[in-house]
Each structure stands twice: as C-alpha cells, then as structure tokens.
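To start, the structure itself, in structure tokens.
The values are calculated or read from the model by the stated rules, or taken from the named source; none is laboratory data. Note that this is a predicted model, so its numbers are computed, not measured. Cβ: placed from backbone, ideal geometry, glycine included. Neighbour counts: every protein chain shown.
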Amino acid sequence: MSIRSPQGAAPVFAALGDPTRLQVVDRLSSGGPSSIAVLTTGCGVSRQAVAKHLRVLAEAGLVRGWRRGRESVWELETRQLAEARQYLDAVSGQWEAALGRLKAFVEQ
C-alpha cells in the first residue's frame with residue numbers, strides 16, 4: 001500500500017481516526033511489541049474490542065501481529081507511519097506554497 005496519493009493515504013488516516021486505535025498505536029510506539037492482554041490493560045475496552053481495532057490497523061499496514069505460544073503479539077509498522085508523515089509534509093508544503101502565492105497576489 002502506497003500513501004503517495006489520497007487513495008493510498010485514506011485507509012491509514014481512517015484507521016488512525018479512532019481514539020482507541022490511536023491509543024493502541026501510542027502504546028505500541030512507546031512500549032514496543034505487546035500482547036493483546038497488555039494493550040487492553042487500562043484501556044477501558046475489552047480484549048475483543050482491542051483485537052478488532054488491531055485488525056483494522058493491520059489492514060491499513062500500521063501494525064503486524066504474530067503468535068508467540070498462546071499469545072498474539074503486535075508491533076507497530078513504522079514504514080506506514082513514515083509514509084503518512086511524508087504525505088502530510090507534502091500537503092503542508094502545497095498549502096505553504098498556495099498561501100505564499102496568495103500573499104504575493106494581495107501585496108501587488
């Protein structure tokens with residue numbers, strides 16, 4: 001999945017648009033690979049809900065999971081986040097350029 005276009009970026013930003021999923025991403029970014037049990041602790045939602053949110057994040061390419069014994073362990077896929085940041089930087093640059101053109105036009 002490429003984030004170089006709005007169509008490629010939409011699933012990533014949609015997945016990040018939920019507060020619980022943002023909390024899961026935050027926990028994985030600060031704590032490293034974690035089990036669903038660890039991710040659920042203090043989250044205020046059930047393990048089943050966290051598992052569902054992890055599937056959404058995985059479909060967007062933001063996390064990956066594997067089995068370790070009886071546990072599912074999940075980790076952040078930083079490549080997708082880096083691409084999302086690059087996309088936002090590009091959009092920001094376009095806005096800056098547009099504002100610069102508007103300012104030049106108004107000052108003329």
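Determine whether A60 is aliphatic (A, V, I, L, M), out of contact with any strand residue (DSSP E or B) (no Cβ under 7 Å at 6 or more places or on another chain) and touching a residue at least 24 places away in the same chain (Cβ under 8 Å).
yes
Please go through (1) touching a residue at least 12 places away in the same chain (Cβ under 8 Å); (2) part of a loop (DSSP other than H, G, I, E, B); (3) not aromatic (F, W, Y) for G44 and return the number of the only condition it doesn't satisfy.
(1)
Which residue pairs have Cβ atoms under 9 Å apart, sit 6 or more places apart or on different chains, and have a first residue in region 26-37 that is over 16 Å from H53 (Cα atoms) and a second that is surrounded by 12 or more Cβ atoms within 10 Å (Cβ to Cβ)?
What qualifies is G31/V38; G31/L39; G32/E75; G32/L76.
Given the structure, is L76 touching a residue at least 12 places away in the same chain (Cβ under 8 Å) and under 16 Å from the mean Cα position of the chain (by Cα)?
yes
For region 9-29, how many residues meet the condition of being touching a Phe, Trp or Tyr at 6+ places or on another chain (Cβ under 7 Å) and at pLDDT below 90?
1
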